Every structure is written in structure tokens, then in C-alpha cells.
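The values are calculated or read from the model by the stated rules, or taken from the named source; none is laboratory data. Remember, it's a predicted structure, so these values are computed and weren't measured experimentally. Here Cβ is always computed from backbone atoms with ideal geometry, including for glycine, and neighbour counts include all displayed protein chains.
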Amino acid sequence: MTIHPIELESYRILGERVDLTRFDDGPRAVVARVIHASADLEFAELMVVDEAAVTAGVDALRGTAPVVTDVEMVRHGLTGVEAHCYLAEAVADGGLTRSAAAMRLAAERHPEGAVVVVGCAPTALFEVVELAAAGRFRPALVVGMPVGFVGAAESKEALRASGLPAISNVGEKGGSAAAAAVFNALRRLAHAD
């Protein structure tokens with residue numbers, strides 16, 4: 001894979017500004033990619049990622065795992081993969097948001113082994129956790145990086161407490177670019193050979 005000189009220079013600068021040596025190789029690549037995508041050095045302290053989660057994601061992407069996103073913005077940020085977003089088909093009803101309803105559709109269509117990438121909607125992440133607890137959704141990995149002041153931190157906390165293979169961060173920060181960066185780092189690791 002050819003890496004553009006601007007990306008190389010960006011990673012060189014990143015390496016001068018933040019120490020990521022506390023992370024193992026896989027998690028370090030994920031955290032570096034999020035920092036690169038956001039120019040936010042604080043992600044070095046906020047990311048929650050371990051080697052087991054990275055391995056789960058890499059293994060799934062080397063196989064035929066479907067990829068599901070909460071919103072189109074995340075889907076469009078993923079490189080080199082066909083991803084599914086069911087938001088356009090989802091109907092909000094009974095207090096359920098469209099994002100949560102979209103995750104129900106995802107669980108129906110890809111009940112096992114999907115890589116789920118949530119970068120916008122905390123309600124989508126809460127729904128993934130609830131569906132998994134009910135045995136209706138068994139993702140290979142959940143990337144939980146929703147952003148916002150209402151429910152974002154709590155949904156990521158629920159994800160980490162769920163026991164699902166997960167990559168997330170602590171707090172309100174996150175977003176589509178950060179979630180896509182996690183996925184793109186995993187994809188790069190999966191195809192490094």
C-alpha cells in the first residue's frame with residue numbers, strides 16, 4: 001500500500017506530539033488513526049481499545065463479515081468496503097428513534113458476525129447493546145463512538161459494560177470521522193499482509 005507523503009508527515013508530527021507507546025501495536029494503530037482524523041490529541045487518553053477487540057475486528061474483516069453503520073456519514077467514511085446503513089428504511093415509532101430502529105433492521109438482516117460502526121447516534125448504540133443482551137444480535141465487533149451531550153458517554157459506557165467485543169472512547173467526544181477512522185485502521189491492519 002502506498003501512503004501519501006502528507007499522511008506520512010501527519011503521522012510524523014503526531015508522533016512528536018503524543019506518546020502512544022503504552023498501547024500494543026494494534027490498539028496503537030487505531031488510536032493514531034483517530035487522532036490523525038480528528039487532530040485531537042486528547043483521544044490518546046480517551047480511547048478504550050485492547051488487542052482482543054482489534055483482533056476480533058481484523059479477523060471479521062478478513063472474513064466475510066457484513067459492515068453496518070448507524071448513519072450515512074459514517075458509511076461514506078469507510079474505505080474499501082461495502083457497508084450497510086438502514087436509516088433510510090427505518091421508522092421511528094413508540095419512542096424508538098430512527099437510528100435505533102435501523103439497528104433493529106441490521107440485527108434482523110445480519111444477526112451474527114457483523115462489524116457495527118456507530119459514530120453519530122447514542123440511541124443506535126444503546127439499541128445494539130439491548131439487542132445483544134436479548135440474544136438477537138451477535139456482532140463480531142462494535143465500534144461505539146457516538147458524539148454529543150445527550151446519551152453519548154452513557155451509551156459508550158453501556159457498550160463497555162456489555163461484554164461485547166468493542167472499541168470506544170470515554171466521554172462526549174466521538175463522531176462519524178472518529179468512528180470511520182477506527183474502522184479504517186482495522187481494515188488497514190486486516191490487509192497489511
- Query: What number of residues within the stretch 41-76 satisfy the criterion of being without any contact (Cβ under 8 Å) to a residue 40 or more places away in the chain, part of a helix (DSSP H, G or I) and touching a Pro at 6+ places or on another chain (Cβ under 9 Å)?
  - Reply: 2
- Query: Limited to the stretch 77-115, what total is found for residues that are touching a helix residue (DSSP H, G or I) at 6+ places or on another chain (Cβ under 6 Å), among the hydrophobic types (A, V, I, L, M, F, W, C), in contact (Cβ under 8 Å) with a residue 24 or more places away in the chain and under 23 Å from residue 181 (Cβ atoms)?
  - Reply: 4
- Message: Here is a check on your reading of the model: is residue 161 part of a helix (DSSP H, G or I), surrounded by fewer than 24 Cβ atoms within 10 Å (Cβ to Cβ) and modelled with pLDDT of 95 or more?
- Response: yes
- Note on the structure: Across (1) surrounded by fewer than 19 Cβ atoms within 10 Å (Cβ to Cβ); (2) more than 26 Å from residue 38 (Cα to Cα), residue 90 clears everything bar (1)
- Looking across the stretch 45-64 at residues that are buried (at least 18 other Cβ atoms within 10 Å of the Cβ) and within 12 Å of the chain's Cα centre (by Cα), the single one that is farthest from residue 142 (Cα to Cα) is 47
- Message: Being out of contact with any Gly (no Cβ under 9 Å at 6 or more places or on another chain) and acidic (Asp, Glu) is the requirement here; does residue 70 meet it?
- Response: no
- Item | For residue 80: the one exception among (1) in contact with a Lys or Arg (Cβ under 9 Å, 6 or more places away or on another chain); (2) outside any helix (DSSP H, G or I); (3) at negative phi | (3)
- Message: Given the condition surrounded by fewer than 24 Cβ atoms within 10 Å (Cβ to Cβ), at negative phi, touching a strand residue (DSSP E or B) at 6+ places or on another chain (Cβ under 7 Å) and not in a helix (DSSP H, G or I), answer yes or no: does some residue in the stretch 115-132 qualify?
- Response: no
- Exclusive hit being surrounded by 15 or more Cβ atoms within 10 Å (Cβ to Cβ), of a type in the set (A, V, I, L, M, F, W, C) and closer than 29 Å to residue 129 by Cβ, set 67, 18: 67
- Restricting the stretch 164-188 to residues that are of a type in the set (Gly, Ala, Ser) and in a loop (DSSP other than H, G, I, E, B), which is surrounded by the fewest Cβ atoms within 10 Å (Cβ to Cβ)? 171
- State all residues of the stretch 26-40 that are free of Cβ contacts under 8 Å to residues at least 24 places away in the same chain and surrounded by fewer than 20 Cβ atoms within 10 Å (Cβ to Cβ); if no residue qualifies, say none. 28, 39
- Checklist (1) farther than 23 Å from residue 131 by Cα; (2) of a type outside the set (Ser, Thr, Tyr); (3) out of contact with any Lys or Arg (no Cβ under 7 Å at 6 or more places or on another chain) applied to residue 190, failing item: (3)
- Message: Could you go through the stretch 47-59 and let me know if any residue there is of a type in the set (A, V, I, L, M) and modelled with pLDDT under 95.
- Response: no
